[in-house]
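Report on one structure; see the data block that follows.
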Ligand SMILES: *Cc1c(COP(=O)(O)O)cnc(C)c1O
């Protein structure tokens, strides 16, 4: 059995250390517990340690867990989202991190209007230009953000990236820095319905560097819950 309390203590220490290093407040960074593939009892154990932000990457798993877990959890959709599944989650999540096309944003807007809700989203950038990853290239971000801004019931809150897997997290520092720079550029354009308050970047391997470069949300799975077992998936 994983010692969630111990894991969380270490993560908290590291987050505080990273904040301190660059003169940021701990309150500027939200820890998202990435609970994909993990059983409800693990989520409950982490919930009992006062974590309220959870991230999932599959719609079916997400909706199942939403039904089974306490109501005060903020759910984050962090995985690739198919347009035909938008309707299942649009009124149930705090934030959709993984918007990478206008067609997906249009579907989110359509379903949000239907359900009379406003949906907060992030635009996902494939910062390492990796073929295996979702997200748009950094060059395309501004055009996409401007187009999404014209849609109803959807609000761009910032940017998200999944940086390349690296052994030395310093290798990703320039990528995180670039995301931050992009967000500053976009903010300067003062687009209606667009804010750049959220930068969702940094995972188990590199969250400290991401925080030093301006992350406001870090998505941590294995360092909190332990290694994932995909054998049943
Ligand atoms: C799985 C996942 C994470 C967490 O990864 P760890 O390396 O286990 O912390 C974060 N973000 C996304 C988009 C993921 O799919």
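The values are calculated or read from the model by the stated rules, or taken from the named source; none is laboratory data. Computed from a predicted model, the values in this text were never measured in an experiment. Cβ coordinates were reconstructed from backbone atoms using ideal geometry, including for glycine residues, and neighbour counts include every protein chain displayed.
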_What's the number of the only condition in (1) more than 16 Å from the ligand (Cβ to nearest atom); (2) over 25 Å from residue 53 (Cα atoms) that residue 105 fails to meet?_
(2)
*asked:* If I ask for residues that are surrounded by fewer than 20 Cβ atoms within 10 Å (Cβ to Cβ) and over 17 Å from the mean Cα position of the chain (by Cα), which ones from region 179-193 would you list?
replied: 181, 184, 185, 187, 188, 189, 190, 191, 192, 193
*State all residues of region 48-82 that are within 15 Å of the ligand (Cβ to nearest atom) and under 20 Å from residue 7 (Cα atoms); if no residue qualifies, say none.*
51, 53, 54, 55, 56
_Of the residues 41, 67, 107, 61, only one is crowded, with 19+ Cβ neighbours inside 10 Å and free of Cβ contacts under 8 Å to residues at least 40 places away in the same chain; which?_
107
*Do you know which of the residues in region 12-47 that are under 15 Å from residue 216 (Cα atoms) and within 16 Å of the chain's Cα centre (by Cα) is farthest from the ligand (Cβ to nearest atom)?*
28
*Got a sec? Which of 146, 83 is modelled with pLDDT of 95 or more, out of contact with any strand residue (DSSP E or B) (no Cβ under 9 Å at 6 or more places or on another chain) and on the phi < 0 side of the Ramachandran plot?*
83
*Subset of region 117-129 that is more than 10 Å from residue 161 (Cα to Cα) and modelled with pLDDT of 95 or more - its residue that is nearest to the chain's Cα centre (by Cα)*: 121
*Residue among 127, 113 that alone is more than 15 Å from the ligand (Cβ to nearest atom) and either surrounded by fewer than 18 Cβ atoms within 10 Å (Cβ to Cβ) or assigned to a loop (DSSP other than H, G, I, E, B) (or both)*: 113
*asked:* Here's a check for you: in region 199-233, which residue that is away from the ligand (no atom under 14 Å from the Cβ) and within 26 Å of residue 44 (Cα to Cα) is surrounded by the most Cβ atoms within 10 Å (Cβ to Cβ)?
replied: 216
*asked:* Every residue in region 83-96 that is assigned to a loop (DSSP other than H, G, I, E, B), away from the ligand (no atom under 16 Å from the Cβ) and buried (at least 19 other Cβ atoms within 10 Å of the Cβ), please.
replied: 90
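Scan region 130-156 for residues that are more than 16 Å from the ligand (Cβ to nearest atom) and buried (at least 18 other Cβ atoms within 10 Å of the Cβ) and jot them down.
138, 141, 144, 145, 148, 151, 153, 154, 156
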*Regarding residue 76, is this residue in a strand (DSSP E or B) and modelled with pLDDT of 95 or more?*
yes
*Quickly run through region 1-38 and pick out the residues that are surrounded by fewer than 19 Cβ atoms within 10 Å (Cβ to Cβ) and part of a loop (DSSP other than H, G, I, E, B).*
1, 2, 3, 22, 23, 24, 25
